Amino acid sequence: LLPLPFFDRSSQKTALCKESCTKQCSCSWDIGQQWIWNVTVTVENPLGKNTATDVFDVNHRIYPTAPFQVWEDCTDTEITLHWNYENNEIELFCQTEVLQPDGKVELHNSSVAYPRRVTVRGLQPYTEYTARVRCGAAKHFWRWSEWSRALTTRTKEGTPSGKLDIWKEITPVPGGRNVTLFWKQTPSFQANGKIISYKVTWEKIEEGSKPENITFSSVYNSTTIFIDNHSYRISIMAKNNANFSLPSVLIISRATDNSRSILSTKELKEGQVNGTDDGIFISWEPRSIYDSYIIDWCNFPRLQPCDLQWKRFGPNTSSAVISSAAFVPGVRYKFHIYGSVANRAYLLEKKIGYLRELPPRLDPIVTKLDLTYNSVTLSWDSYLTNESESGFVRGYHVYVSPVEGNCNLKGSKKHILSDESELCKYTIENPEEKTHTVKHLMPNTKYKIVVKAFTGGGETPIVNFRYIDTPYNSNMLYLIFLLVIVPTLAAAICHWKMKWLKDCCCPLIPSPNKSKVLSFKEFKIDSEKVLKINDCLPDMLAMDSNAEAQKL
């Protein structure tokens, strides 16, 4: 571009001002006492030229210099910026830029008279802000001045807003109860400053007793107090350098009421809950009488103290996913669900569950084996189901196979081991079952057998087997004995006794000594039996011995 000539047509003078530039040019001259100017700007290049004219009042083209010597004073919700100007005769319209802690920028406009200051309201207590200011002429505004230097300041502390979230754990002791109190700041609680202490106050409800209180440093978030068996009202407040927060209140019922609730607590069955990718899912039956629900649990149930945690839910909530960085697989967690109304909490349900179940660490101990030629009955001890278990025992698997060859028993499923050997698998889905009978075994055969417990996380690999030998089939031996041995023995005995039976039953010549007819005591001579002649009617009489005949 060629030089830019400036012309003042109002004074009929030519104020030559030439500049060679590509984007932005400027020209300055002494205005003297002249306020109205008619300025023409001519732009020229090899292709031609063009002109622009502007008529203005110099008083309308004024903008102030940047504010300097900026300082501030503040309250808990306001910041007031003060500054100086070289020319205090101009009425100003100013704009304040406030940088919020989250990075957002807010602009506040205001008319400013002397003294030079502007107040920004509606700020958060004990919060750091960065502010700067610029101004323009209030009348015939043309453009803003440059920004002042940025000033970073913190508002003063204010009264804490909201209440602490508090919870308790009650332990019966002789003469009363130990109440462990816990507290934490919730998202709705605003400290509005630096918390320096907590104040715990407790008093009996039934009597007009004098309240007791104790103050703790801000580093504490729990304490234990002793109370007797009366009802108590317990409150906790947070304090900063400005004031106390509103009290958070818990009502502890009488010990007799607690004893009844403890009894009902024992009667409550523990429901099982399942882990998810995000945590442990818990649901409960809602009751319309409660204004909120509380779930508490221990992050480290195997340690003491167990790091008690709790979470509150609204009256329309009936399920939640409890998550914690402390949750690990294979650890059983207990959850208590309370309903709260009028600052009193009532235990409603109990749940137990795992983030993820793991296989059982131990196998059931087989205590008894009853063998027959074609079956074996296994009995094992009750499996431990205490808190140390890594999962809920869902049932048992019984594996059996002959030592030589594959297994193919009726009623079983095939199970392939890592070495590609086959086992017969029986599933017992009742964890209370402690016996099982494996049938259809072969007599006089060696088998390997094992019992495994399984959880939702499966079971451990099979390592150790127990070996058994089935006996011979005793029923078959008994049948052979009845059909072969007994008849053979009977035949031998009969053959051996045949002569005796023939002599006894059918003798060729009957012997009087063997006749039952001669059984009368009066017809005996010595040891021989005799028969009276008159008792018989013989066909003929033959004398065997003359001596005997003489005796007769």
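The values are calculated or read from the model by the stated rules, or taken from the named source; none is laboratory data. Owing to the predicted nature of the structure, the values given are computational and were not obtained by experimental measurement. Note that each Cβ is placed from the backbone with ideal geometry, even for glycine, and that neighbours are counted across all protein chains shown. When the accessible area is computed, the model is the full protein with side chains, heavy atoms only, and any ligands, DNA or RNA have been set aside. Shrake-Rupley method; radii C 1.70, N 1.55, O 1.52, S 1.80 Å.
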Is segment 448-468 home to any residue that is loosely packed, with under 12 Cβ neighbours inside 10 Å, at pLDDT 90 or above, in contact with a Ser or Thr (Cβ under 8 Å, 6 or more places away or on another chain) and part of a strand (DSSP E or B)? no
Considering (1) surrounded by 13 or more Cβ atoms within 10 Å (Cβ to Cβ); (2) at pLDDT below 95, say which one Ser235 fails and leave the rest. (2)
Need the failing condition index for Cys94 against (1) open to solvent by 40 Å² or more (accessible area, probe 1.4 Å); (2) assigned to a strand (DSSP E or B), just the number. (1)
Would you confirm, using the coordinates I've provided, whether Leu123 is surrounded by 14 or more Cβ atoms within 10 Å (Cβ to Cβ), modelled with pLDDT under 90 and not assigned by the TED database to the domain that holds Ala242? no
All but one of (1) open to solvent by 50 Å² or more (accessible area, probe 1.4 Å); (2) over 25 Å from Gly457 (Cβ atoms); (3) assigned to a strand (DSSP E or B) hold for Arg394; which doesn't? (2)
Within segment 296-316, restricting attention to residues that are among the hydrophobic types (A, V, I, L, M, F, W, C), free of Cβ contacts under 8 Å to residues at least 60 places away in the same chain and closer than 19 Å to Val328 by Cβ, which residue is surrounded by the fewest Cβ atoms within 10 Å (Cβ to Cβ)? Leu303
Near pairs, Cβ below 8 angstrom, 6+ apart or cross-chain, from segment 36-60 (in the same structural domain as Gly136 (by the TED database)) to any residue that is assigned to a helix (DSSP H, G or I): Ile36/Val58; Trp37/Val58
Taking Arg61 as the residue in question, decide whether it is open to solvent by 70 Å² or more (accessible area, probe 1.4 Å) and either within 60 Å of the chain's Cα centre (by Cα) or at pLDDT 85 or above (or both). no
Check every one of the strands (runs of 3 or more DSSP E) wholly within segment 100-206 and list those with 1 or more residues that are more than 30 Å from Ile295 (Cα to Cα) and of a type in the set (A, V, I, L, M). 105-112, 117-120, 128-137, 151-154
Just to be sure, is Glu206 outside the structural domain of Pro305 (by the TED database), exposed (fewer than 14 other Cβ atoms within 10 Å of the Cβ) and closer than 23 Å to Thr171 by Cα? yes
